[in-house]
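The block underneath contains the structure these notes are about, expressed in structure tokens.
The values are calculated or read from the model by the stated rules, or taken from the named source; none is laboratory data. Being a predicted model, the structure only gives us computed values, none of them experimental. For neighbour counting, all protein chains shown are included, and Cβ atoms are generated from backbone atoms with ideal geometry for every residue, glycine included. Side chains included, ligands, DNA and RNA excluded: accessible areas come from the protein's heavy atoms. Shrake-Rupley method; radii C 1.70, N 1.55, O 1.52, S 1.80 Å.
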Amino acid sequence: WAYDSMHRPHDATLAAWHELERRGIPVLVATGRRVTSTRDPLAALGLAPSAVVLNGSLALDLATGELFHRHHYEPGDAAVVLAAFRAHGLDPCVYVEHPDIDAYVSDAPSTSPEHLSAMGSRACQADLDDIVVSASVLSFGVFGHDADVLAAIAADIDPARSTPMILTDSWSEGSALAVAPFGLSKWTGVLAYCARHDIDPARVLAIGDEVNDVELIASAAIGVAVSDAPPSVRAVADHEVPPASAGGWAAILDLL
């Protein structure tokens with residue numbers, strides 16, 4: 001929503017963020033990214049807001065690291081998801097709640113090299129069969145694959161246990177698949193944040209640009225989609241703003 005193709009925010013976006021701070025309006029980041037890949041780019045800009053990460057799996061204060069929401073898989077359900085990926089020949093990244101590790105991967109991970117490189121030392125090699133029954137699994141994901149292959153995996157995942165989402169791949173050519181526990185979304189984390197700060201959820205403005213933002217945008221009092229978002233995202237929005245490359249995020253100031 002706020003970063004261009006080079007993963008940099010537009011000047012107008014930063015100016016709008018600081019204007020919200022001046023007005024005393026809190027900004028909550030809600031993203032599919034990991035804690036580390038959410039915190040570090042924002043810290044480089046001098047920003048440390050609260051954040052909902054991994055599509056609602058965790059919510060925390062980025063400045064202090066204090067968690068105020070978490071949602072793990074039940075071990076049996078996590079094993080079923082892993083089996084669905086492997087039935088199609090893919091070993092996913094298994095995202096976990098751990099102070100030093102963001103994700104576990106097998107000795108032949110199926111995610112793109114760019115994604116694997118971005119995780120660096122916070123991706124740890126392990127036996128995934130052991131991990132899904134012993135660790136606090138938050139979600140699963142792969143980047144860099146044909147959308148049809150990912151759709152086949154998604155079709156094999158029990159919708160009563162998990163929510164699969166096929167997303168735009170920000171790391172390489174192809175698509176990405178994220179799988180979260182059933183009933184979990186970014187909005188789950190927003191509600192936890194509102195409860196913590198005594199904010200009426202009926203006063204929330206939400207903006208997004210991907211299919212993992214649909215429930216967030218549809219649930220907010222004012223739902224905003226970026227104009228280059230997929231049709232399913234734009235369909236649930238009350239308003240549209242220009243893309244991130246044009247600093248469209250700043251247009252939310254006109255909607256408050």
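Brief remarks on what is shown
- Summarising the label geometry, the points placed 7 Å from Cα in the beta-carbon direction at D107 and D158 lie 3.1 nm from one another.
- Estimated distance in nm for a label pair at V149 and A48, the labels positioned 7 Å out from Cα along Cα-to-Cβ: 4.1
- Charge dipole of segment 43-122 about the Cα centre (unit charges at C-beta), most positive-ward option of T111, A59, H98: T111
- Nitroxide proxy distance, nm - points 7 Å out along Cα→Cβ at D129 and D228: 4.4
- If only the Cβ of Lys and Arg carry +1 and only the Cβ of Asp and Glu carry -1, the dipole of the chain around its Cα centre is close to 580 debye.
- In order through segment 221-229: 3J(HN,Hα) via Karplus (6.51 cos²θ - 1.76 cosθ + 1.60), integer Hz, x for Gly, Pro: 5, 10, x, 10, 10, 6, 5, 9, 6
- Looking at segment 92-197, the accessible area is 43 square angstrom per residue; that uses a 1.4 Å probe and ignores ligands, DNA and RNA.
- Residues in segment 14-46 reached by a label modelled at E114 [backbone nitrogen below 18 Å; 7 Å Cα→Cβ]: 32-34, 37-38, 41
- Volume per residue of the convex hull around the Cα atoms, evaluated for segment 188-256, comes out as 81 Å³.
- Considering only S185, V241, S175, and ranking their Cα positions along the charge dipole of segment 159-256 that arises from unit charges at the beta-carbon of Lys, Arg, Asp and Glu, the one farthest toward the positive end is S185.
- Over the chain, relative contact order from alpha-carbon pairs under 8 Å, at least 6 apart, %: 19
- Total charge dipole magnitude, segment 1-104, about the Cα centre, Cβ charges on Lys, Arg, Asp, Glu only, Debye to nearest 20: 180
- Sulfur and carbon atoms: percent of accessible area, segment 13-110 [1.4 Å]: 51
- Positive-end residue of C194, P164, V149, charge dipole of the chain with Cβ unit charges: C194
- Rounded to 0.05, the FRET efficiency of the S245 and I25 pair, given R0 = 22 Å and the Cβ-Cβ distance, is 0.35.
- Residue ranges 190-202, 79-91 sort as 79-91, 190-202 when ordered by packing (mean number of other C-beta atoms within 10 Å per residue, highest first).
- Extended-chain gain in nm, criterion 0.36 nm per residue less alpha-carbon gap, E66 and R122: 18.2 nm
- Extension gain for the segment E173 to A12, taken as residue separation times 0.36 nm less the Cα-Cα distance, is 55.1 nm to one decimal.
- Convex hull of the chain built on C-alpha atoms - directionally averaged projected area, nm²: 12.7
- Accessible carbon and sulfur surface of segment 186-256 relative to its total accessible area, %, 1.4 Å: 51
- Rg/Rh for segment 121-256 stands at 1.01; both radii use Cα atoms, and Rh follows the Kirkwood definition.
- Value of D in µm² per second that Stokes-Einstein yields for segment 1-126, Kirkwood Rh from Cα pairs, at 10 °C (1.306 mPa s): 97
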